[in-house]
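Coordinate-derived values only; no laboratory data. Values in this document were obtained by computation on a predicted structure and should not be read as measured data. Every residue, glycine among them, receives a Cβ derived from its backbone with ideal geometry; neighbour counts consider all protein chains shown.
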Amino acid sequence: MISLKPAAVIPILFASALLAAPPAPPQLTGFPFTDETLNYSVNWPSGLSLGEGHLIAKRRNGGWSFQLSLDAGIPGYPVKDSYLSQSSNDFCSAEFERTAEHGSRKTDEDETVDTQRSTVKRLTLKGGGESTFAVPSCVRDALTFLYFTRRELGQGRVPPAHQILFGNLYQTRLDYAGAQVVPVSGKGVETDKIVATMKGPSSELKFEMYFARDAARTPLLFRAQLAMGPFSMELVR
């Protein structure tokens, strides 16, 4: 019979405890757990590439900074969008900058939220003037609302109808359209399909979003209609 000294027993017990301990849970990555950069290919329905898009989320003091850039189009019809949002941790917008070029139509404006008065000051750059209008106490611009939707989906719910800031106030509704498999890097991935409808004073937007069933609810695919035709933004991994 082998007799072990007390000093020799301690490391053996420690090693046994390590072997018996359950593995550490995987570290969560992506929004809202970490800063995040997502890259997309902008395509025709045929799969022909039109350009690229990028979604960026970064933590800042007391909230988040979100950015969307899109550079695509066909000869004679450029599509270049740049959106920048500043929001609180509760996803209440503080500022929304929007620059867009769709063919000959151009937009360049900045919207600053006065949370004390529940108003927005809208400044149209390059001599377009300014205006002020009332908004909900926690208004969300279109880009911030995308990330808010991801947070809500991660907690098992679809956001209710909202008034979204996008130049004017748009009444926005999200409809859950069920599970759907979409291709990502040549492999089928099961997603949750959400159809968004945005109605403004003089226009209506409708598009589809497909979110992965991971903890970050990563948006894998967007489908929308532009004046030049339907297009998609597909995540590149």
Radius of gyration and Dmax over the Cα atoms of the range 140-225, both given in Å: 13.1, 41
Dipole magnitude of the range 36-81, debye to nearest 20 (Cβ charges: Lys/Arg +1, Asp/Glu -1, about Cα centre): 240
Sites matching trypsin sites (Lys or Arg not before Pro) across the range 99-150 that sit in DSSP coil, with at most 16 neighbouring C-beta atoms within 10 Å: Arg117, Lys126
Only Lys, Arg (+1) and Asp, Glu (-1) charged, at Cβ; the range 35-235 dipole about Cα centre in debye: 280
Degrees between helix 142-154 axis and first principal axis of the chain (Cα, 0 to 90, nearest 10): 30
Which of Thr191, Thr112 has the fewest Cβ neighbours within 10 Å, and the rest in rising order: Thr112, Thr191
Kirkwood-type radius of the chain, with distances r between different C-alpha atoms, in Å: 20.1
Listed residue (Ala224, Thr191, Gln171) projecting farthest to the positive dipole end of the range 141-237, Cβ model: Thr191
